[in-house]
1. Tell me, what is the FRET efficiency for residue 265 and residue 344 to the nearest 0.05, using R0 = 25 angstrom and their Cβ-Cβ distance as r?
2. In percent, what relative contact order does the chain have, based on Cα pairs under 8 Å that are 6 or more apart in sequence?
3. How much length is gained on full extension from residue 310 to residue 278, taking 0.36 nm per residue of separation minus their Cα-Cα distance?
4. How much space per residue, in cubic angstrom, does the convex hull of the C-alpha atoms of the range 164-245 take up?
5. Take the alpha carbon gyration tensor of the range 1-66, find the square roots of its eigenvalues, order them as a ≥ b ≥ c, and report rounded if a/c is under 1.5; if not, report prolate when a/b exceeds b/c, else oblate.
6. Just to be sure I understand: of the beta bridges DSSP finds with both ends in the range 176-262, what percent are antiparallel, rounded to 5?
7. Subtract the Cα-Cα distance of residue 21 and residue 205 from 0.36 nm times their separation in residues, and report this length gain in nm to one decimal.
8. So in the chain, what percent of DSSP beta bridges are antiparallel if you round to the nearest 5?
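Read-outs: derived from the displayed coordinates by stated rules, not from any lab. What you see is a predicted model; the values in this text were computed from it and never measured. FYI the Cβ positions are ideal-geometry reconstructions off the backbone, even for glycines, and counts take in every protein chain you see.
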Ligand SMILES: Cc1ncc(C[n+]2csc(CCOP(=O)(O)OP(=O)(O)O)c2C)c(N)n1
């Protein structure tokens, strides 16, 4: 007698609409409105150009260590554009594209990666949590926000972002379980960029997909081509609508690639091949989307040049503002650590201040 099996839904859908060769199936193309498509492109290009500028600023010693977003623009902008300002996000530390959509100024990452607290102060009226460096801690906060939304019956949703490495953290699993049990309006956006610093995806988990982690917690997980903004947007919109109408959580695994370094303190040539990077460069989210927009006559060479020029001006303005700013107080990080500073923290602050004075960097 064969043993019985337990009936569960073990399927993980994979959505790809626009790959590096074009639209994979015309029936899947959501035929989004031209204005929306143009805005998506503008945010993607702004994120790419700002990212390039931040790397240069770091190399010139004008900001500190920086964690780039190159290659992950579609995953971030496609998801961020699926929610409204009344919804919330709980981010990790590589979501600059998402932040620009949500209304953070271009100068903010310069302050943040320049080591100043000003860069992590959420702008007035923006429903985002600050950048969270402790890996996956933000997923619990995101679920907490979603729980509050449910209790208050607001019909809002919370997106929480993490990386492939983040799916190995206990916090993530606790957040997933809680979200499933209470059927909370939260969407987990896993940006699978193939690496957690030098640790490759294949060493992260034996699971075939990261999306299937959701099945164990009783809700849907979907895998999408994370370099395809159309697929990301469609999947995010569906998950958000489901959450908004009481259908509970979803996990979206955006399969993408970190085209740049983990941070500017990293040397990826030590753990991955140039050839692999070249293969992924061909799948760059911006190249295929620009081609699609040109074919649909949403963009032409002149309008792309105009967008480039606008962005260049905005970035210059942000750099000028950052470098002329005189309100930075290097002691701020100590002030924002704990509501009631511990004796140890006070001692550390005194030691820091003495060292700054000795260097002539503080009066
Ligand atoms: C709890 C915790 N452990 C370790 C670190 C050090 N750390 C910073 S980023 C990172 C890798 C994160 O990888 P992933 O979640 O895939 O995100 P990615 O950096 O690729 O965007 C690690 C281990 C940390 N910040 N927090």
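1. Working: r = 27 Å, r/R0 = 1.07.
That pair, residue 265 with residue 344, gives E of 0.40.
2. Reported relative contact order: 22 percent.
3. So the chain would gain 8.6 nm between residue 310 and residue 278.
4. Given the Cα convex hull of the range 164-245, per-residue volume reads 88 Å³.
5. Details: a/c = 4.08, a/b = 1.70, b/c = 2.41.
Because a/c hits 1.5 or more and a/b fails to exceed b/c, the range 1-66 counts as oblate.
6. Within the range 176-262, antiparallel bridges account for around 15 percent of the total.
7. Numbers: separation 184, 0.36 × 184 = 66.24 nm, distance 3.04 nm.
So the extension gain works out to 63.2 nm.
8. Roughly 15 percent of the DSSP beta bridges within the chain come out antiparallel.
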